[in-house]
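In what follows, a single structure is set out as structure tokens and then discussed.
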Amino acid sequence: MSKEQARDLAFKEEKAAWDLIKTSSNPEDFYSFLQRFPSGGDLAEAAQYRLDQLANVTQRSKSFLAAEAIAAYVDTNEWQLGEIQAALIEAEARDYATDQDMADLALKWNAGAD
């Protein structure tokens, strides 16, 4: 791959990430974007501008918003990992619904549909 192709690919990846968050009002989105693409030129500047605007509107410092975003990220990931680990333990113990359990549940829910 040539340098130009690599640069184009990197820009497309960054642009796709930016398009996902550009209208967000969640500071975590912008903080994560800036961490992933710290020297992204125009897009990083746009993320920084949005973060500045959020800080201004919320009357909070960018540091506060970044700390809040990090805390939210950690909470979300801890919760997800905890749920995954619990599901794996249940699966290893074969503690899951059987086909009959699912059929009974379907009958229960369909009974009131008439």
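No lab work stands behind these numbers, since they all come straight from the coordinates. Bear in mind the structure is a predicted one, so any value in this text is a computation, not a measurement. In this analysis, Cβ positions are derived from the backbone assuming ideal geometry, glycine residues included, and neighbour counts consider all displayed protein chains.
Points to keep in mind about this one:
- Annotated for segment 3-111: lysine pairs at least 8 residues apart or interchain, Cα distance under 24 Å, count 5.
- Separation in nanometres of the label points that stand 7 Å from Cα toward Cβ, at A97 and W79: 2.2
- Here r is the Cβ-Cβ distance between A72 and Q48 and R0 is 25 Å; the resulting FRET efficiency, rounded to 0.05, is 0.80.
- Whole-angstrom Cα spans of segment 3-111 along principal axes, big to small: 57, 42, 31
- Computed from backbone phi, the HN-Hα couplings of segment 19-27 come to 4, 6, 10, 4, 9, 5, 10, 9, x Hz, rounded to whole numbers (Karplus: 6.51 cos²θ - 1.76 cosθ + 1.60, θ = phi - 60°; Gly and Pro given as x).
- The mean sequence separation of alpha-carbon pairs under 8 Å and at least six residues apart, normalised by the residue count of segment 3-111, gives a relative contact order of 21 percent.
- The packing ranking of peptides 23-36, 47-60, 91-104, 69-82, highest mean first, is 23-36, 47-60, 69-82, 91-104, where packing means the average number of other beta carbon atoms within 10 angstrom of each residue.
- Unit charges at the beta carbon, dipole of the chain: most positive-side option, W79, L65, F11: F11
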